[in-house]
Amino acid sequence: MRLFAPRYSPLIIAALVCPWSAWQAWHGAGPGWWVTAASGALAVVGIADLLQKKRALRRNYPILSHFRYFLESIRPEIRQYFLEGDQEAAPFSRNQRSIVYQRAKQDTDKRPFGTQLDVYADGYEWINHSIAPAVIADQDFRIEIGNHPDCPRAQPYRASVFNISAMSFGSLSANAILALNGGARLGGFMHDTGEGSISRYHREHGGDLVWEIGSGYFGCRTAEGGFSEERFAANAGLEQVKMIELKLSQGAKPGQGGILPAPKVSIEIAAARGVVPGIDCISPPMHSAFSTPIEMMQFIERLRNLAGGKPTGFKLAIGHPWEFFGIVKAMLATGIVPDFIVVDGGEGGTGAAPVEFSDHVGVPLQEALLMVHNTLVGAGLRDRIKIGAAGKIITAFDVARTIALGADWCNSARGFMFALGCIQSQTCHTDRCPTGVATQDELRQHALVVPDKIARVANYHRNTVKALAELIAAAGLTHPSQLKPHHVVRRVSHNQVKLASALLPYLQPGELLDASRLDRLPPVFGMYWPIARAESFHPL
């Protein structure tokens with residue numbers, strides 16, 4: 001060991017200063033005992049660094065290495081607050097976050113001096129306006145789910161076009177769930193429970209719920225982890241539960257199950273999920289209640305009947321095209337049609353996704369949505385099935401573009417997290433969320449004041465829908481459902497633009513059912529529709 005190498009200087013200085021300052025203080029001279037204490041503490045830290053064997057950096061750079069660890073721990077905050085540009089999306093830009101904060105707090109969301117976007121950059125998008133803009137009297141935009149004349153449900157639901165996406169109690173704190181559901185009640189929109197089931201915090205304020213059923217069947221499971229009809233019927237019968245959503249996959253980690261480690265399975269979380277406290281809570285990658293597309297349709301019908309006819313559908317992130325095509329073929333074969341499908345884009349977020357999944361697995365929302373919409377049109381089913389969409393939807397333009405591409409309504413998770421006060425510290429997986437949103441730490445979540453955040457959640461929803469009304473009025477429309485692909489334009493190069501419909505040409509009703517036309521369809525349909533099977537998720 002080269003003890004006198006420059007990197008050991010802090011340790012050497014501390015070791016020399018400590019006895020010198022102690023001698024000076026003893027004789028009533030020098031800087032005093034505080035220097036002795038400080039230098040002695042640094043010397044102890046430096047010696048401990050040299051003796052430990054787990055971190056080479058500490059052995060090579062005693063004392064100094066701790067400054068590196070400190071700077072690394074606050075690096076996201078330094079970058080976010082001092083170095084990040086307004087348009088640098090990581091994963092959401094400062095401007096995107098700011099517009100949520102402003103609308104949630106009822107601050108002005110106006111920005112003077114023109115756009116900060118490069119309007120000639122590839123990927124820039126806009127909505128064409130009309131010389132004859134419309135006047136919109138009612139901005140409470142609603143869609144009917146489960147009311148088709150051919151298959152009316154006993155309890156159809158009138159949903160807002162902008163709602164809270166799936167986030168479970170467990171991933172979010174109790175106070176966050178209370179505030180989200182209170183905001184949904186105040187603003188008259190729906191709150192997806194996430195697959196962690198319905199907790200007492202979801203029920204306290206009485207906001208409309210979409211109950212998400214995942215592969216762990218939380219809230220409706222047997223002791224062995226299978227599906228329980230009795231427990232499902234008890235929760236599904238709650239007046240507050242408006243729709244049932246079967247979760248196949250999510251955009252942040254499609255194809256993966258999940259695990260909530262035993263230390264995080266508190267008594268309250270265990271009670272909501274129907275599991276044993278203090279034991280790992282596992283969501284398998286696949287459902288055990290069905291194994292083929294036909295069985296899946298039969299399970300959806302079973303859920304709908306047990307729920308008393310409430311609208312029932314499923315959520316998925318698109319992966320292999322033939323698997324979704326097989327599900328659609330199962331609808332045709334059985335005559336069982338879900339009331340809705342929620343498309344979750346591959347850009348979705350969670351606090352528990354491996355980087356490879358977040359970055360490289362799953363079809364992004366726009367392509368996935370276009371494929372789902374086109375498939376249902378081509379199979380002659382689109383008018384019977386409503387489509388929801390989720391995936392980095394923050395602003396009114398995000399909502400308008402997504403509806404123009406085929407959705408009936410949009411969900412947002414991280415947008416409503418920002419409304420709660422999330423600062424995008426990206427520590428969701430550590431249980432050290434600085435704003436009390438994504439943590440089970442009682443002290444941290446106590447900082448989230450529920451009544452204040454209820455108002456902010458409702459404000460964000462109301463002001464975003466108001467901005468949506470202004471957008472579509474400028475385009476000469478009176479309801480978001482009138483948005484079509486030709487209303488949205490995208491720049492594909494400096495001097496070339498395309499309508500959104502050019503991303504994937506739209507099919508005609510029933511076109512997939514005409515075998516003679518398959519060779520004229522876009523390749524994804526021509527290649528994969530023929531090999532998809534209602535009897536199996538595997539292709540021919």
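The values are calculated or read from the model by the stated rules, or taken from the named source; none is laboratory data. What you are looking at is a predicted structure, and each value in this text was computed from that prediction instead of being measured. Here Cβ is always computed from backbone atoms with ideal geometry, including for glycine, and neighbour counts include all displayed protein chains.
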Discussion item. From the list ARG94, ARG103, exactly one residue is of a type outside the set (A, V, I, L, M), touching a residue at least 40 places away in the same chain (Cβ under 8 Å) and surrounded by 15 or more Cβ atoms within 10 Å (Cβ to Cβ). Which is it?
Written reply: ARG103
Discussion item. I'd like to know if the stretch 126-149 contains one or more residues that are touching a residue at least 60 places away in the same chain (Cβ under 8 Å), closer than 29 Å to ARG384 by Cα and surrounded by 22 or more Cβ atoms within 10 Å (Cβ to Cβ).
Written reply: yes
Discussion item. Show me the helices (runs of 4 or more DSSP H) found entirely inside the stretch 440-540 where at least 2 residues are assigned by TED's automatic domain parsing to the domain that holds LYS329 and under 30 Å from ARG414 (Cβ atoms).
Written reply: 442-446, 450-474
Worksheet item: Quick check, is ASP344 closer than 20 Å to PHE92 by Cβ and touching a residue at least 60 places away in the same chain (Cβ under 8 Å)?
Response: yes
Discussion item. Could you check the stretch 304-318 and list, in sequence order, the residues that are touching a residue at least 60 places away in the same chain (Cβ under 8 Å) and more than 28 Å from LEU370 (Cβ to Cβ)?
Written reply: LEU306, ALA307, GLY308, GLY309, LYS310
Worksheet item: Which residues, taken from the stretch 425-444, are aliphatic (A, V, I, L, M) and under 19 Å from VAL355 (Cβ atoms)?
Response: ALA438
Discussion item. Which condition from (1) without any contact (Cβ under 8 Å) to a residue 60 or more places away in the chain; (2) crowded, with 24+ Cβ neighbours inside 10 Å is the one that ILE164 breaks?
Written reply: (1)
Worksheet item: What are the pairs, 6+ residues apart or on separate chains, where a residue within the stretch 43-65 that is under 16 Å from ALA14 (Cα atoms) and part of a loop (DSSP other than H, G, I, E, B) has its Cβ under 9 Å from a residue that is at pLDDT below 70 and among the charged types (D, E, K, R)?
Response: TYR61/ARG7; TYR61/ARG68; PRO62/ARG7
Response to the item:
Of the residues in the stretch 161-195, those that are under 18 Å from the mean Cα position of the chain (by Cα) and within 19 Å of ALA396 (Cα to Cα) come to VAL161, PHE162, ASN163, ILE164, SER165, GLY183, ALA184, PHE189, MET190, HIS191
Discussion item. Residue under question is GLU347, and the condition is that it be surrounded by fewer than 22 Cβ atoms within 10 Å (Cβ to Cβ), outside any loop (DSSP other than H, G, I, E, B) and assigned by TED's automatic domain parsing to the domain that holds PHE169; does it hold?
Written reply: no
